[in-house]
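Enquirer: Below is a structure I'd like to ask you about.
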Amino acid sequence: MGTFNPHMPWYVPQKYFDMFPMDEVVTPRLRKNDLDDVPPAGAALTAGKSRFVDSVLEHGLHKDAVQAYLATTAYVDAQLGRVLDALDDSPHRDNTIVVFLSDHGFHLGEKHHWQKAALWEEATHCLLMFRVPDVTRAGSVCQRFVSLQDIYPTLVELCGLDRPSYLDGRSMVPLLNDPDAPWDSTAITCLSDKSRPERGYVTIRNEAGRYIRYEQGQEEFYDTSEDPREWTNQIDNPEYSAIINALKEAVPSPAEMANPMPPVIRKNNSIGE
């Protein structure tokens with residue numbers, strides 16, 4: 001099951017807007033000139049969206065936009081609830097695994113950006129929820145870093161199937177059993193342009209921080225423990241050289257990023273090379 005929301009436009013029934021009164025809406029903290037220490041390739045990614053952010057702020061519509069986003073996510077939450085209620089009333093409640101995820105996060109002005117297609121926290125932090133009979137506990141939360149490519153290996157193990165040898169992901173079953181279990185928490189996100197495969201941008205995130213690599217060696221690093229909003233690019237700070245080098249070693253090389261992309265499903269549902 002999939003839902004277009006909360007993609008824009010944010011059209012949902014009024015009652016979901018009423019759940020978030022305007023005087024209670026909190027907008028994200030923004031920093032003036034936040035992109036000054038971002039390399040040109042990173043700034044170019046957000047150039048068009050920055051103009052949208054400027055327009056929202058100039059017209060005093062930031063709170064309206066955040067309210068609309070909250071309303072739309074609440075609408076999606078309600079629809080998921082309907083599905084879960086139906087499942088709970090069915091004979092399949094105890095033999096059905098539920099996975100709920102988003103394919104990307106969403107900027108609401110942070111880093112002077114809007115929506116997706118960036119490599120900072122708001123765009124790369126995805127929603128991921130599991131409900132597994134006799135495994136997960138209601139309301140439990142895991143703060144480890146995982147990847148969407150870990151979902152399939154997890155389902156393979158939960159279903160008692162043999163794991164294919166070619167999978168890159170890892171099973172998250174240990175975290176489903178215990179959200180605080182030991183875990184090498186690292187997540188990699190890639191952003192590519194199919195028309196220009198040499199533009200293989202990549203970010204890697206773990207407890208130590210976030211490293212981003214663009215084309216021509218342009219880089220960013222954020223100490224997310226001290227700077228969770230990723231306001232200060234520390235890539236040239238020698239105090240972080242060991243952490244940065246360790247993260248660099250874990251990301252795909254530019255040559256790997258430029259490998260031809262596999263066939264994709266086109267809009268006419270035919271397979272294209």
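Enquirer: Among Ala242, Ala181, which is the only one that is part of a loop (DSSP other than H, G, I, E, B) and aliphatic (A, V, I, L, M)?
Expert: Working: Ala242 fails: part of a loop (DSSP other than H, G, I, E, B).
Of the residues listed, the single one that is part of a loop (DSSP other than H, G, I, E, B) and aliphatic (A, V, I, L, M) is Ala181.
Enquirer: If you go through segment 18-32 one residue at a time, how many are at pLDDT 90 or above and either within 21 Å of Trp120 (Cα to Cα) or buried (at least 16 other Cβ atoms within 10 Å of the Cβ) (or both)? I'd like the intermediate steps shown before the answer.
Expert: First pass over segment 18-32, keeping only residues at pLDDT 90 or above: 18-31.
Right, trim to either within 21 Å of Trp120 (Cα to Cα) or buried (at least 16 other Cβ atoms within 10 Å of the Cβ) (or both) and you get 20, 25-31.
Qualifying residue count, segment 18-32: 8.
Enquirer: May I ask you to list the residues in segment 126-149 that are modelled with pLDDT of 95 or more and either part of a helix (DSSP H, G or I) or touching a Gly at 6+ places or on another chain (Cβ under 8 Å) (or both)?
Expert: Listed by number, the list is empty, since nothing qualifies.
Enquirer: When you check Ser192 against the structure, is it among the polar types (S, T, N, Q), on the phi < 0 side of the Ramachandran plot and not in a loop (DSSP other than H, G, I, E, B), yes or no? Before the answer, list the steps.
Expert: Values: among the polar types (S, T, N, Q): yes; on the phi < 0 side of the Ramachandran plot: yes; not in a loop (DSSP other than H, G, I, E, B): yes.
Here the answer is yes, as Ser192 does meet what is asked.
Enquirer: Can you tell me which residues in segment 195-232 are assigned to a strand (DSSP E or B), modelled with pLDDT under 90 and not hydroxyl-bearing (Ser, Thr, Tyr)? Step through it out loud before you land on a result.
Expert: Residues of segment 195-232 assigned to a strand (DSSP E or B): 196-206, 209-213, 219-222.
When the remaining residues are screened for being modelled with pLDDT under 90, the result is 196-201.
The answer is Arg196, Pro197, Glu198, Arg199, Gly200.
Enquirer: So, one more: Can you tell me how many residues within segment 233-257 are surrounded by 15 or more Cβ atoms within 10 Å (Cβ to Cβ) and either at pLDDT 90 or above or touching an Asp or Glu at 6+ places or on another chain (Cβ under 7 Å) (or both)?
Expert: Summing the residues that are surrounded by 15 or more Cβ atoms within 10 Å (Cβ to Cβ) and either at pLDDT 90 or above or touching an Asp or Glu at 6+ places or on another chain (Cβ under 7 Å) (or both) in segment 233-257 gives 7.
Enquirer: Can you pull out every residue in segment 29-61 that is assigned to a helix (DSSP H, G or I) and more than 22 Å from the chain's Cα centre (by Cα)? Full working, then the answer.
Expert: So the first thing to find is which residues in segment 29-61 are assigned to a helix (DSSP H, G or I), and the list is 40-45, 47-58.
Result: Pro40, Arg51, Asp54, Ser55, Val56, Leu57, Glu58.
Enquirer: Could you tell me which numbered condition Gly105 fails, if it satisfies all but one of (1) small (Gly, Ala, Ser); (2) at pLDDT 95 or above; (3) closer than 24 Å to Leu127 by Cα?
Expert: In the conditions (1) small (Gly, Ala, Ser); (2) at pLDDT 95 or above; (3) closer than 24 Å to Leu127 by Cα, Gly105 misses (2) alone.
Enquirer: Can I ask one more? Does Asp94 satisfy being more than 24 Å from His7 (Cβ to Cβ) and in a helix (DSSP H, G or I)? Working first, answer last.
Expert: Details: more than 24 Å from His7 (Cβ to Cβ): yes; in a helix (DSSP H, G or I): yes.
Answer is yes for this residue.
Enquirer: Anything in segment 46-73 that is of a type in the set (Ser, Thr, Tyr) and modelled with pLDDT of 90 or more? List them, or say none. Give the steps one after another, and end with the answer.
Expert: Within segment 46-73, the first condition is being of a type in the set (Ser, Thr, Tyr), and the residues that meet it are 46, 50, 55, 69, 72-73.
Answer for segment 46-73, where residues must be of a type in the set (Ser, Thr, Tyr) and modelled with pLDDT of 90 or more: Ser55, Tyr69, Thr72, Thr73.
Enquirer: Checking Ala117 against (1) of a type in the set (A, V, I, L, M, F, W, C); (2) modelled with pLDDT under 95; (3) under 29 Å from Asp180 (Cβ atoms); (4) touching a Leu at 6+ places or on another chain (Cβ under 7 Å), only one condition comes out false. Which one?
Expert: It fails just one condition, (3).
Enquirer: Cβ contacts < 6 Å: first residue under 22 Å from Val141 (Cα atoms), restricted to segment 158-179; second residue of a type in the set (D, E, K, R), any location; separation 6+ or different chain. Result?
Expert: Gly169/Asp150; Arg170/Asp150; Ser171/Glu157; Met172/Asp150; Val173/Glu157; Leu175/Arg144
Enquirer: A follow-up question, please. Have a look at Gln143, Gln216, Gln149 and point out the one that is of a type outside the set (A, V, I, L, M, F, W, C) and at positive phi.
Expert: On the way: Gln143 fails: at positive phi; Gln149 fails: at positive phi.
None of the others qualify; the one that does is Gln216.
The values are calculated or read from the model by the stated rules, or taken from the named source; none is laboratory data. Note that the structure is a prediction, hence the values are computed from the model and not measured. Cβ: placed from backbone, ideal geometry, glycine included. Neighbour counts: every protein chain shown.
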